[in-house]
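Here's the structure we're looking at; comments come further down.
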There are 2 protein chains.
Amino acid sequence: MSDGLAGQGDLLLAFDADDTLWHSENLYHAAQAQFRELMTSYADESTAMATLHRVEVANLPPYGFGVKAFILSMIEAAVELSGGKVTAAEIGEMLAAGKEMLAAEVELLDGVADTVARLSADYPLMVITKGDLGHQASKLERSGLAAHFRYVEIVTDKTAEVYRNIFAKHGIAPQQVVMVGNSLKSDVIPVLELGGWGVHIPYRLTWAHEHAELPADLATKYREIERLDELPALLREMR
Amino acid sequence: MSDGLAGQGDLLLAFDADDTLWHSENLYHAAQAQFRELMTSYADESTAMATLHRVEVANLPPYGFGVKAFILSMIEAAVELSGGKVTAAEIGEMLAAGKEMLAAEVELLDGVADTVARLSADYPLMVITKGDLGHQASKLERSGLAAHFRYVEIVTDKTAEVYRNIFAKHGIAPQQVVMVGNSLKSDVIPVLELGGWGVHIPYRLTWAHEHAELPADLATKYREIERLDELPALLREMR
């Protein structure tokens with residue numbers, strides 16, 4: 001391959017966390033189902049979901065990503081959808097749903113534990129994740145994976161500029177980076193734009209806000225696999 | 001002084017941000033007043049404030065510090081205090097209060113802009129702040145001070161262990177650090193415990209959770225000033 005990687009000693013493997021290393025979107029999905037259920041007396045399902053989505057996206061600038069932002073948006077959407085009739089008990093259920101999400105056990109995706117342990121013997125590993133600082137740090141701790149990662153970066157958003165600053169801070173050229181994640185928009189495309197490699201592992205659920213198309217001119221250093229345990233073989237093949 | 005600092009080239013000045021560089025607690029104070037007002041038909045003032053405080057502290061483990069955590073706690077306290085009668089309109093006012101806090105102009109404390117600019121010519125400067133990642137980064141950006149800081153650390157909590165890890169990451173011995181902040185508990189005592197210097201600048205409002213006593217055995221490297229612009233003279237005197 002003309003675009004082959006340099007020697008493996010020069011490579012850094014960077015991983016998204018939510019829905020790449022461990023399940024996350026399933027918790028949002030369950031909370032959304034609970035929200036629809038709570039809203040049945042005020043709005044039909046599609047209106048409820050469309051309103052929640054609109055409020056969440058509108059609230060990204062003030063709130064950022066993560067569970068706290070999601071719960072605040074759910075409450076705001078409920079106030080709006082109910083025409084001011086949502087009850088305190090219903091609000092209380094949303095707060096409780098949020099705490100359940102924060103306390104939920106960290107459930108690794110298939111093959112992650114072994115693959116991360118194995119890759120950490122050969123490459124420096126980095127986690128790059130967005131969301132609540134405390135919640136992400138807590139999940140990494142509880143995942144049992146923390147010791148395998150040399151670098152942990154928790155950020156507010158995942159743009160090419162954010163990635164550039166992270167890699168620069170650690171003296172890593174983007175060309176040395178293989179970024180692995182479930183979001184084309186947040187994990188793969190920005191790193192491809194910087195000249196790095198992007199490995200996409202689609203998750204069965206993707207938040208509508210994270211949908212994106214891969215620009216054709218960035219396809220050379222793009223790969224897609226189904227599970228993280230296909231990564232070691234892919235890395236051998238890419239060299 | 002026996003415990004004099006090393007040459008100034010060896011020193012690092014670290015600053016807390018909220019209520020040390022810019023006003024923050026006044027925004028919480030105003031939101032609390034609004035909360036008391038909204039709760040008048042459900043509870044007397046002292047019950048309202050005591051409940052809010054209890055809920056906030058109980059929610060520190062799941063939510064951490066910051067405006068989003070505060071608003072979620074305010075809503076939870078309202079559900080509880082009202083015996084389930086709080087209205088959607090009142091919840092809506094709390095959400096709006098939270099957004100106002102997040103959007104509020106960053107108001108520097110007296111003397112901060114000049115002093116930080118002046119000190120940055122002689123010392124490497126660090127900000128160490130806790131709270132919402134995005135909100136803290138946004139305030140630093142909007143403060144006009146960002147360019148003066150070589151290091152920016154946004155953390156979930158400020159314990160001696162957190163400070164030790166930060167300083168170790170940058171190859172800085174705690175003895176080289178002068179930590180400046182308004183909270184004895186979060187800014188001053190943990191750094192004194194590591195062997196660094198702690199400079200306390202009390203703010204006129206302190207959240208009850210941040211109250212602490214200075215242990216007598218840590219007083220040697222402790223100083224107190226009234227305003228940040230007294231820091232340059234204090235540093236000269238300490239040498």
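Checking the cross-link pairs B:85/B:130; B:99/B:130; A:169/A:221; A:158/B:169; A:221/B:169; B:139/B:185 against a 29 Å limit on the alpha carbon distance flags B:85/B:130; A:221/B:169 as lying beyond it. Angle between the Cα long axis of helix A:45-58 and the longest principal axis of chain A, 0 to 90 degrees, nearest 10? Approximately 60 degrees, to the nearest ten. Scaled to the globular estimate 2.2 N^0.38 Å, the Cα spread of the range A:25-103, given as radius of gyration, is 0.98. Against the longest alpha carbon principal axis of chain A, how many degrees, from 0 to 90 and to the nearest 10, is the axis of helix A:25-38 turned? Orientation of helix A:25-38: about 10 degrees from the principal axis.
Between the Cα long axis of helix A:88-103 and the first principal axis of chain A there is an angle of about 20°, rounded to the nearest 10. Comparing A:26, A:165, A:59 in a Gaussian network model of chain A, where Cα atoms under 10 Å apart are tied by springs, the biggest mean-square fluctuation is seen for A:165.
The order of B:164, A:227, going from fewest to most other C-beta atoms within 10 Å of their C-beta, is A:227, B:164. Relative to the compact-globule estimate of 2.2 N^0.38 Å, the Cα radius of gyration of the range B:173-239 comes out at 1.06. Taking the number of Cβ atoms within 10 Å of each Cβ as an exposure proxy, the fewest-first ranking of B:197, A:22 is A:22, B:197.
Across peptide A:100-112, how many C-beta atoms of other chains are within 10 Å of each residue C-beta, on average?
Values: counts 1, 1, 5, 2, 0, 0, 0, 0, 0, 0, 0, 0, 0.
Per residue, the average neighbour count from other chains is 1.
Take residue A:214, push a point 7 Å out from Cα through the beta-carbon direction, and compare it with the same point in every other copy: 6.0 nm, smallest first. This model, with +1 at the C-beta of Lys and Arg and -1 at the C-beta of Asp and Glu, gives the range B:25-103 a dipole about its Cα centre of some 180 debye. Between copies, the label points of residue A:37, set 7 Å from Cα on the Cα→Cβ line, lie 3.8 nm apart, reported in increasing order to one decimal in nanometres.
Mind pulling the per residue volume of the convex hull built on the Cα atoms of chain A? Å³ is fine. Before the final figure, lay out the partial values.
Details: hull volume 28.5 nm³, N = 239.
Hull volume normalised by residue count: 119 Å³.
Summing Cβ point charges (Lys, Arg +1; Asp, Glu -1) relative to the Cα centre of the range A:57-196 gives a dipole of roughly 360 debye.
Between B:127, B:57, B:191, the residue with the greatest mean-square fluctuation in the GNM of chain B (Cα pairs under 10 Å linked by springs) is B:57.
Counts of other chain beta carbons within 10 angstrom of each beta carbon in peptide A:135-145 average 1.
So what's the back-of-envelope 222 nm ellipticity for chain B, counting only DSSP H runs of four-plus at -39500 (n - 2.57) apiece and dividing by all residues, rounded to 500?
On the way: 10 runs with 106 residues, N = 239.
When only DSSP H runs of four or more count, the value is -13500 deg cm²/dmol.
With all pairs of different alpha carbon atoms counted, what Kirkwood hydrodynamic radius in Å does the protein assembly as shown show?
On the way: mean 1/r = 0.0412 Å⁻¹.
Taking every pair of different Cα atoms in the protein assembly as shown, averaging 1/r and inverting gives 24.3 Å.
Please give the residues of the range B:220-239, grouped as numeric ranges, whose backbone N is less than 15 Å from a label point set 7 Å along the Cα-to-Cβ vector of residue B:175. Backbone N within reach: B:221. In plain terms, the C-alpha convex hull of the range A:95-210 casts an average shadow of 7.7 nm² when viewed from every direction.
With the label put 7 angstrom out from Cα along the Cα-to-Cβ vector, residue B:169 ends up 0.6 nm from the copy partners, going from closest to farthest.
Any read-out appearing in this document is the output of simple, stated calculations on the displayed coordinates, not a laboratory observation. Bear in mind the structure is a predicted one, so any value in this text is a computation, not a measurement. Cβ: placed from backbone, ideal geometry, glycine included. Neighbour counts: every protein chain shown.
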